[in-house]
Amino acid sequence: MIKKIAAVSFAVVVLLFYAPFLALGYYITEGGELRLPSLSMVASTLLLAATAAAISIAVAYPAAYYLAKRGTELEFALLTAPLWVGTLLKAYSLLVLYAVLEKTVGVALWGQPLGVLVGMVYEYLPYSLLTLYASAEKLSESPVHAARALGASRIQAFLRVELPLTLPGVAAAFILVFLFAAGEVIMPAVLGAWKVYTFGNYIWDLYFKARDIFSGSVLSLMLTGMSLLATYIVVRTIRSLSI
Amino acid sequence: MRALRLYTWGLIAALYTPVAVIVALSLNDSKLPYVWGGFTVRWYLSLLQWEQAWQALLNSLLIALAVSAASTLLGLFMAYSLRGDRYVVLSQGAVVMPEVSEALAFAAALTLAKSYTGVDLFGPIGVFLAHLAYTLPTAHVLLVPYMSYVGRNVVEAARVLGASEAKTVSAVVLPIMMPAFVATFLIVFANSFDTYIKTAFTTSPGFVTAPILLWSYAARGRGDPTMYALATLMLIPSIVAATIYFRSIKRYS
């Protein structure tokens, strides 16, 4: 009985995932009009996602390195707990914080690309931190000791021994955050005030404003494909760098 | 290392600032977010009288409980049945794909399923199914590695001694996997409680959850002290889940 339940639920999950491909069939057979987004929007979305990934890695790396070496359980728990807070809640708190900042300091972030970028970094920081932590934790002390004994300074030892060893973790973190950020809807909508328009928002509008689910499905498949392609490129580049 | 430690604590402070601002403003006796007008609980009292908000919180809670119960159980069944070497590769590959792909592509799948089958998937049932279909792969992926802790001989012993399959799962497999089970339950619960995109695609105007209500304010950039109170209350499940999770991890590691 349990096997049957498992098989049915497994089949339903897989079917649901592959259902958007049916929309492709619709275009092939009936030839409906596919509403493509502008190329500049796609480019700016990918650029925004890549920047968010790079900044979140740069911000998280020192903390992940510290956590892996000397971190306490409390610090680990505090840094990963924001994973549990929903995206919308984070976006709303940032929105309020921006309003306070605008009145007190005079820095306007709401409706600006910079504000959306801050939101994305804030949202994905725990993800990149966890990924970097996993790779920094595997570092053993002996190569560093060897480098130090051979006369390398502390910083040299880090740059030439430890940093290359954590590069696969950096690549993994980059891909993870990039994939999430490329399809991001909530942060641009809430913090960008619909002025910062991304691919995710375009698909969103196709569903909810234009009610065009077929175009929406095909474009979301394209988004998935693009992110997978980007992943492949990043993995290849990093691999050629590290060997 | 001291500089790194300072940096880490600075990062922690930065991570919690926006949330702390919301909590502080929900206790602020002033309608303007940048004016501190003294301590008050009146926004919580006005939230109490706002029936739609209470209903939304209750809806979110019930959906999240049902979803996490169903998806951890089904995920356990799947991890148990599909643990043969031949199936693990197949099931992991097929199940990880929806996990990696975009939430939007998934939402598209639900909309298509709805329009092709003609079954009314809106409202509470739709939201439940949408969350379940999204969290089930998560639960499965999280539970599968722990399945190796359940020795094959233990399962075989139970079967030889005459236990049915359901009895084996409930009396042998489940107790061994309890820590993983609890952790998965909590992750799924927190996921389901405050997800917005999957809910927006499947809900009907009559069925409002807490994130949907929050969205109607957030998307227009509106600040309202009553919403600060609601957002603060929405933090509670996340905090509780995170606390239980870290305590259970500590105990079993």
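The values are calculated or read from the model by the stated rules, or taken from the named source; none is laboratory data. Just so you know, these numbers come straight off a predicted model, no measurement behind them. Don't worry about glycine lacking a Cβ; one is built from the backbone with ideal geometry, like all the others, and counts go over all protein chains shown. For the accessible areas, the whole protein counts, side chains as well, though only heavy atoms, and no ligand, DNA or RNA atoms are used. Shrake-Rupley method; radii C 1.70, N 1.55, O 1.52, S 1.80 Å.
Residue pairs whose Cβ atoms lie under 8 Å apart, separated by 6 or more positions or on different chains, with the first residue in region B:220-237 and farther than 16 Å from B:N28 by Cβ and the second surrounded by fewer than 19 Cβ atoms within 10 Å (Cβ to Cβ) and at pLDDT below 85, are B:G221/A:A193. Restricted to region B:210-243, and to residues there that are closer than 19 Å to B:F39 by Cβ and either among the polar types (S, T, N, Q) or touching a Pro at 6+ places or on another chain (Cβ under 9 Å) (or both), the residue that is nearest to the other protein chains (Cβ to nearest Cβ) is B:G223. The residues of region A:203-214 that are at the interface with chain B (Cβ under 10 Å from one of its Cβ atoms) and in contact (Cβ under 8 Å) with a residue 40 or more places away in the chain, listed by number, are A:L206, A:I213, A:F214.
Would you be able to say whether some residue in region A:61-83 is touching a Lys or Arg at 6+ places or on another chain (Cβ under 7 Å), buried (at least 22 other Cβ atoms within 10 Å of the Cβ), free of Cβ contacts under 8 Å to residues at least 60 places away in the same chain and over 20 Å from A:L117 (Cα atoms)? Within region A:61-83, one or more residues are touching a Lys or Arg at 6+ places or on another chain (Cβ under 7 Å), buried (at least 22 other Cβ atoms within 10 Å of the Cβ), free of Cβ contacts under 8 Å to residues at least 60 places away in the same chain and over 20 Å from A:L117 (Cα atoms). In region B:12-54, the residue that is least open to solvent (accessible area, probe 1.4 Å) out of those that are part of a helix (DSSP H, G or I) and over 30 Å from A:L78 (Cβ atoms) is B:S46.
Residues in region A:134-180 that are surrounded by 14 or more Cβ atoms within 10 Å (Cβ to Cβ) and in contact with a Gly (Cβ under 9 Å, 6 or more places away or on another chain): 3 in all. Quick check: is even one residue across region B:206-219 open to solvent by 20 Å² or more (accessible area, probe 1.4 Å), assigned to a helix (DSSP H, G or I), without any contact (Cβ under 8 Å) to a residue 40 or more places away in the chain and closer than 23 Å to B:A20 by Cβ? Yes: one or more hits. Contact annotation: residue pairs with Cβ atoms under 8 Å, 6 or more positions apart or on different chains, pairing a residue in region A:142-170 that is over 16 Å from B:M1 (Cα atoms) and in contact (Cβ under 8 Å) with a residue 40 or more places away in the chain with a partner that is open to solvent by less than 50 Å² (accessible area, probe 1.4 Å) and among the β-branched types (V, I, T), are A:L167/A:I238; A:P168/A:I238; A:V170/A:I57; A:V170/A:I238.
Out of curiosity, is B:F193 at pLDDT below 80 and within 9 Å of chain A (Cβ to nearest Cβ)? No. Restricting to region A:90-128, name every residue that is over 14 Å from B:L25 (Cβ atoms), surrounded by 18 or more Cβ atoms within 10 Å (Cβ to Cβ) and within 9 Å of chain B (Cβ to nearest Cβ). A:K90, A:A91, A:W110, A:Y122, A:L125, A:P126, listed by residue number.
Taking the listed residues B:L74, B:L48, the one that is modelled with pLDDT of 70 or more and within 17 Å of the chain's Cα centre (by Cα) is B:L74, with no other qualifying. Tell me yes or no: at least one residue of region B:158-173 is among the aliphatic types (A, V, I, L, M), modelled with pLDDT of 85 or more and under 30 Å from B:A218 (Cα atoms). Taking every residue of region B:158-173 in turn, none turns out to be among the aliphatic types (A, V, I, L, M), modelled with pLDDT of 85 or more and under 30 Å from B:A218 (Cα atoms). What are the residues in region B:132-164 that are of a type outside the set (A, V, I, L, M, F, W, C), open to solvent by less than 40 Å² (accessible area, probe 1.4 Å) and more than 25 Å from A:L16 (Cβ to Cβ), if any? Result: B:G151, single match.
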